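Student: Attaching a single structure in structure tokens format; questions to follow.
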Amino acid sequence: MIRAYRCAGVHFFSIRKTVRQNLLLPFFFSLVLTIVGFVFLPANAECSSEGKSKSDGSVTPLVDEKACNAELIDRLLTVIEKDIVPLTQEGVKTGNRIFGAAIIRKDDHSLVMAGTHHKDSPLYHGEVYTIKKLYETMKRPAPDECIFITTHESCAMCLAAIAWSGFDNIFYLFSYEDFSGFYKTPYNTEMLEEIFRVKNGNYRKKNSFWTSYNIIDLINKCSGPTKEGFLKRVEKLKTQYVEMTEVYKKSENGSTHP
């Protein structure tokens with residue numbers, strides 16, 4: 001038995017050395033993180049590191065999901081409308097895709113960074129490119145002091161990138177199902193299922209790295225004119241994203257590649 005453990009240990013360190021020599025250590029540990037987070041832990045497990053930890057080891061939720069968080073919702077939609085959409089409208093003209101992201105401070109909701117997809121690299125999804133831009137700035141707030149906003153529900157790569165970067169929350173506008181109607185990209189849910197055995201995009205929205213919130217779900221907790229006003233803004237944004245999708249396709253000579 002002892003000999004078996006020693007052999008396993010030697011084999012592990014041999015693999016680790018090989019990985020390091022090939023400069024794949026970040027990918028190796030990212031793969032481990034993703035597999036643990038998406039495969040081995042059940043989708044309904046309750047576990048979150050979001051917000052600042054209490055003395056008893058539990059965490060303080062960023063929002064009350066049972067209440068109408070009108071001020072926060074208004075700010076999230078405003079950032080998408082005023083900061084992300086204009087960047088995306090320019091980007092799709094040159095073949096960049098429609099997916100964007102932004103980072104705001106938790107304390108005063110001021111904008112820290114906004115970005116959108118860049119075709120220069122297959123890794124430059126809107127979320128990853130925004131994180132890249134953030135870390136190119138000399139003075140920046142800590143990730144756990146920020147709110148991470150995405151226009152569309154993130155793919156597996158971006159979900160892991162957000163976790164690795166230290167953000168403890170994600171607020172997204174359009175779900176996989178929402179934007180599949182106007183932007184055909186099966187790879188998000190397909191990769192989750194084929195690689196990580198996560199069916200129908202049902203990854204763990206609450207986990208030990210972040211909690212993911214759907215902005216439309218938060219809007220539905222409101223009522224009356226407040227809810228109606230928010231939903232009208234969402235419909236306008238959906239129309240804009242349909243239009244930007246068409247511009248993108250034309251810029252790519254009619255390509256429907258995601």
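The values are calculated or read from the model by the stated rules, or taken from the named source; none is laboratory data. Owing to the predicted nature of the structure, the values given are computational and were not obtained by experimental measurement. We place every Cβ from the backbone using ideal geometry, glycine too, and count neighbours over all the protein chains shown. SASA here: full protein model, heavy atoms, side chains in, ligands and nucleic acids out. Shrake-Rupley method; radii C 1.70, N 1.55, O 1.52, S 1.80 Å.
Student: Want the number for THR94 to LYS205: 0.36 nm per residue separation, take away the alpha-carbon distance, what's left? Can you show the working numbers first?
Tutor: Details: separation 111, 0.36 × 111 = 39.96 nm, distance 3.35 nm.
In short, 36.6 nm is gained.
Student: Further question on the same structure: Give me the net charge of GLU243's neighbourhood, meaning all other residues with Cβ under 15 Å from the Cβ of GLU243; Lys, Arg count +1, Asp, Glu -1. Can you show the working numbers first?
Tutor: Values: positive: LYS93, ARG97, LYS236, LYS238, LYS249, LYS250; negative: GLU81, GLU90, GLU235, GLU246.
Here the charged neighbours net out to +2.
Student: Separate question: Under a Cβ-only charge scheme (Lys and Arg +1, Asp and Glu -1), can you give me the dipole magnitude of region 177-248 about the Cα centre, in debye to the nearest 20?
Tutor: Values: 12 positive and 10 negative charges, 81 e Å.
The calculated dipole for region 177-248 is roughly 380 debye.
Student: Just check region 64-205 against the gyration tensor rule for me: Cα atoms, a ≥ b ≥ c as the square roots of the eigenvalues, rounded for a/c under 1.5, and otherwise prolate or oblate depending on whether a/b exceeds b/c. Walk me through the intermediate numbers first.
Tutor: Working: a/c = 1.38, a/b = 1.19, b/c = 1.16.
Note, shape of region 64-205 comes out rounded.
Student: For THR94, THR116, THR78, give the ranking by accessible area with the largest first, probe 1.4 Å. If you can, show how the numbers build up before the last one.
Tutor: Working: THR94 80, THR116 10, THR78 35 Å².
The residues order as THR94, THR78, THR116, largest area first.
Student: Over all alpha-carbon pairs in region 199-242, figure out the percentage whose distance exceeds 13 Å.
Tutor: Working: 622 of 946 pairs.
Of all Cα-Cα distances in region 199-242, 66 percent exceed 13 Å.
Student: Test of understanding: what is the full-extension gain from MET191 to ILE216, defined as 0.36 nm times their sequence separation minus their Cα-Cα distance? Before the final figure, lay out each step's value.
Tutor: Working: separation 25, 0.36 × 25 = 9.00 nm, distance 2.45 nm.
Difference between extended and current length: 6.6 nm.
Student: Would you mind getting me the FRET efficiency between GLU71 and SER175? Use the beta-carbon distance for r and R0 = 30 Å, nearest 0.05. Each step should come with its number before you reach the end.
Tutor: Values: r = 23 Å, r/R0 = 0.77.
Once rounded, the FRET efficiency stands at 0.85.
Student: Ignoring any ligand, DNA or RNA, what whole percent of the accessible area of region 142-234 comes from carbon and sulfur when the probe is 1.4 angstrom? Don't skip to the answer; put the middle values down first.
Tutor: Values: 2000 of 3990 Å².
Answer for region 142-234 is 50 percent, counting heavy atoms of protein chains only.
Student: At a 10 angstrom cut-off on C-beta neighbours, averaged per residue, how do the peptides 234-247, 203-216 rank from highest to lowest? Provide the component values of the computation, followed by the final result.
Tutor: Numbers: 234-247: 16.0, 203-216: 20.4.
Top of the packing list down: 203-216, 234-247.
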